[in-house]
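**Student:** Here it is: the structure, laid out below.
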């Protein structure tokens, strides 16, 4: 029964407030308890937001205005919004989640939202039922993967560079390749998987600024095409999402091999 509100007294009725500085610590703790893999995100809640968001709210109860819920939404592209919604255990099934959701979807609609996306882990049956009951339907399913670089066992990949070279694929650095050929490729990046949250996007940009490596793929004609994380945004973030690269033809018209 810990996750169920068994009774609602008049003084208990939740009120929705715009997230203020005084709310951040308690709201951040509630958010981190629900999403430990995103516990660093509340540090960026004070960043300036545009007219379409992000916008954040809390649900409070009692004279002391104890925080028992958190909700936020932000645009991921024109007309498409994401939401976060958390209600504290012991305060669920009291209507708090519904009130927060109504506020979020109403505000998103006013900001010209065409769709609103919410996410819930497949093992959180209560959260899935809540969303389905309120008109959400499944549009994608993601699998969480983590690459532990520091403790990776590279023994199965011994000799990988030699095997790749036999197929005409060479791993090098951007500086070496530019010095060798002088060829510069134009590239674009396509993000595989879900659109990042604002905090994830900031971390990704910071990693791109620090990154200096690249991957070079050699075409059948022996010319090279360079993919550079520092210019295209290829990165692995802590949530396990991988930003993939796709390349336009090299300067000589040769297409890169993948």
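The values are calculated or read from the model by the stated rules, or taken from the named source; none is laboratory data. Predicted, not measured: the structure shown is a model, and the values here were computed from it. No Cβ is skipped: glycine too gets one built from the backbone with ideal geometry, and neighbour counts run over all protein chains shown.
**Student:** Determine which single condition residue 27 fails, assuming it passes every other condition in (1) at pLDDT below 95; (2) assigned by TED's automatic domain parsing to the domain that holds residue 124.
**Tutor:** In the conditions (1) at pLDDT below 95; (2) assigned by TED's automatic domain parsing to the domain that holds residue 124, residue 27 misses (1) alone.
**Student:** In addition: Tell me the residue from 83, 96 that is closer than 30 Å to residue 31 by Cα, more than 23 Å from the chain's Cα centre (by Cα) and assigned by TED's automatic domain parsing to the domain that holds residue 53, please.
**Tutor:** Only one candidate passes the filter, namely 96.
**Student:** Next question. Any residue that is under 19 Å from residue 28 (Cα atoms) and either in a loop (DSSP other than H, G, I, E, B) or modelled with pLDDT of 95 or more (or both) - is there at least one of those in segment 122-140?
**Tutor:** The answer is no, given that none of the residues of segment 122-140 is under 19 Å from residue 28 (Cα atoms) and either in a loop (DSSP other than H, G, I, E, B) or modelled with pLDDT of 95 or more (or both).
**Student:** Right, something else. In the set 32, 22, which member is within 17 Å of the chain's Cα centre (by Cα), without any contact (Cβ under 8 Å) to a residue 40 or more places away in the chain and over 23 Å from residue 80 (Cβ atoms)?
**Tutor:** None of the others qualify; the one that does is 32.
Yes/no matrix, rows are residues, columns are (1) farther than 21 Å from residue 120 by Cα; (2) surrounded by fewer than 16 Cβ atoms within 10 Å (Cβ to Cβ):
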| site | (1), (2) |
| --- | --- |
| 22 | yes, yes |
| 25 | yes, yes |
| 32 | no, no |
| 52 | yes, no |
| 58 | no, no |
